[in-house]
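Have a look at the structure below before the remarks.
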Amino acid sequence: MQLQHDISKLLAQSLAAYAAFSGLRDLAEDLRILSLNAELAAARAQSEGRAIKALTQYTRELVRRLSHIDGELDSLKAHTYTGAADTIKWLNRLKMIERARAAEQGEVAAQAASRMTERVVERVGAITAIVATMAAATDRISEVAGQASAIATNVSVEAARISAGGGVFDAVARTMAGYAQQLQDMIAQAGSAVRDATQTSTRLRARHFSRAS
Amino acid sequence: MICETIYRKGGHSWLAFGADAGRPENIVDTNQYVVRYGDVAALLDPGGTEIFAPMLGALTGKLAIEQIEHIFLSHQDPDIGSSLPLWRQVCRPDVHVHISWLWTHFVSHFDAEAGLIPIPDQGGVIRLGALELQVIPAHFLHSPGNFHIYDPAARILFSADVGASLLSRKTNSSFFVEDFDSHTQYMRLWHQRAMGSEKARDAWLSRVSQLDIDILAPQHGLLLRGDDVKRFYDWFRSQPLGEVAAA
């Protein structure tokens, strides 16, 4: 059944977006530890490290935002699975009713199929809304990645100004730039999955539910 | 799916549905029954999900589906009522679904919105207009929460898995048993294995032998009528139950 195939595709693409962010929690933790170590090094550098200390505090704010988004993604993922299971249940029932349409003498199966299609439409709509929320979360992660990259650049500039022990901050800047790049890679992968899911959702609604919706 | 009217008097009739030729080989054949009285009807053991389509097709060729006021499930097995959520999509919204109290929370896994009506252990009555269908206890035959339906006006006992026979497609050419002695070979394994309690069997025999029964209508295989009903009682009484050949 084409409808079932299209919905399976939508679910697979939604789940691919979550999979892209599967390393987000570990990355946030790595970033947090990096900022703590950098802060300790900044304290040792005394007045020369003042600017870097401020940057590490800002980094921990980014970590807090990433952790919050990671929690939201967990919740969205759970809702996607719940919505998927409910959709599959109604699709299976709809499939059986569709089989009965050919056999029945009358219109009861056709009427039931119409009602059940509306229920499937509602559930596909809910999954589509989750995909939209997922796209917004991806945008927020992208902002964090941009800011992390800017902090890495600033740490690198500050490291060049410090007379003794600047090598430590150079290493911090390189590591942070690497984390920012990992975030960008996740965003690219998830963004692609989210775009695919959005397109699939649009096509699915146009193809199957144009009258019902 | 074949439909045969096994009883008719005025507006009162029994329809038997079964022997579905399109059924996949790996799905056990089932009989479904509709009791009709005037413009109301009861569907007895509506069957599994896989036979819903041919059953709906056959049924709607015989009566308007709005007439079905009651759905009765003899017990909890999937071949009895896994189609319930589908029937509830096509039947009137206030259709009553009856099953043993023991299974209401279990069968709700098929359809949580069904609003199942629990049947107490002692049974009861399902009313179709002026007709009273008696709900007869048949616990442990084979399910621990099991009921049969007796129609005193039609003198038919819907006996669910009691009297059931497992026939191949080739042997299943008629709705009624023609040669009882030969037919026992198709009932033996099922009764010895699936019916776990001789005490329950004896209690059931004691109860139903007091009823006037012209047709014993099981959920699988051929129906028994006339003297074959008494022959079945004698045969069933003689069977060792709860037997497993090689445990």
Worksheet entry | Share of carbon and sulfur in the accessible heavy-atom surface of chain B [1.4 Å probe, %] | 50 percent
Practice prompt. Write down the accessible area per residue of segment B:75-135 in Å², having rolled a 1.4 Å probe over the full set of protein chains.
Written response: 45 Å²
Response to the item:
So the A/B interface buries, both sides summed and with a 1.4 Å probe, an accessible area in Å² (nearest 100) of 1300 Å²
Item to complete: Between the chain alone and the structure with every protein chain in place, find the residues of segment A:91-108 that drop at least 10 Å² of accessible area; heavy atoms, 1.4 Å probe.
Response: A:93, A:96, A:97, A:99, A:100, A:103, A:104, A:105, A:108
Fill in: Alpha-carbon Rg with Dmax, taken over segment B:121-204, Å
14.7, 41
Worksheet item: How many lysine pairs in chain B, separated by 8 or more positions in sequence or lying on different chains, have Cα atoms less than 30 Å apart?
Response: 5
Discussion item. Give me the net charge for the shell around residue A:179: Cβ to Cβ below 12 angstrom, other residues only, Lys and Arg +1, Asp and Glu -1.
Written reply: -2
Worksheet item: Mean separation of Cα pairs under 8 Å and 6+ residues apart, divided by the residue count of segment B:1-44: what relative contact order is that in percent?
Response: 33 percent
Item to complete: Please figure out what share of the DSSP beta bridges in the protein assembly as shown is antiparallel and state it in percent, rounded to the nearest 5.
Response: 70 percent
Worksheet entry | Accessible-area value, residue B:131, 1.4 Å probe, nucleic acids and ligands omitted, Å² | 10 Å²
Worksheet item: So which GluC sites (Glu not before Pro) in segment B:53-117 end up in coil per DSSP with only 16 or fewer other C-beta atoms within 10 Å?
Response: B:113
Worksheet entry | Choice from B:74, B:209, B:159 showing the highest fluctuation, given a GNM over chain B with Cα pairs closer than 10 Å | B:209
Worksheet entry | Local electrostatic count at residue B:176 - Lys and Arg +1, Asp and Glu -1, tallied over other residues with Cβ under 14 Å | -4
Worksheet item: Where does the protein assembly as shown land on Rg(C-alpha)/(2.2 N^0.38 Å)?
Response: 1.47
Worksheet item: For segment B:114-131, in order, what is each residue's ³J(HN,Hα) by Karplus, 6.51 cos²θ - 1.76 cosθ + 1.60 with θ = phi - 60°, in whole Hz (x at glycine and Pro)?
Response: 6, x, 5, 9, x, 9, x, 4, 7, x, x, 9, 10, 9, 10, x, 7, 8
Worksheet entry | Rg(Cα) / (2.2 N^0.38 Å) computed for chain A, rounded to two decimals | 1.45
Worksheet, complete the sentence: So for segment B:53-97, using the alpha carbon gyration tensor with a ≥ b ≥ c as root eigenvalues (a/c under 1.5 gives rounded; past that, a/b versus b/c decides prolate or oblate), I'd call it oblate
Worksheet item: In segment A:1-144, what percent of the accessible surface is made up of carbon and sulfur (1.4 Å probe, ligands and nucleic acids excluded)?
Response: 52 percent
Worksheet item: Among residues other than residue A:18 whose Cβ falls under 14 Å from its Cβ, what is the net charge (Lys/Arg +1, Asp/Glu -1)?
Response: -2
Item to complete: With θ set to phi - 60°, apply the Karplus curve 6.51 cos²θ - 1.76 cosθ + 1.60 along segment B:47-62 and write out the HN-Hα couplings as whole Hz, x wherever there is a Gly or Pro.
Response: x, x, 4, 5, 9, 4, 4, x, 5, 4, x, 5, 5, 5, x, 10
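The values are calculated or read from the model by the stated rules, or taken from the named source; none is laboratory data. Everything quoted here is computed from the prediction, not taken from an experiment. Reconstructed Cβ throughout: ideal geometry from the backbone, glycine too, with neighbour counts over all protein chains shown. To get the accessible areas, we keep the full protein, side chains included, count just its heavy atoms, and leave off ligands, DNA and RNA. Shrake-Rupley method; radii C 1.70, N 1.55, O 1.52, S 1.80 Å.
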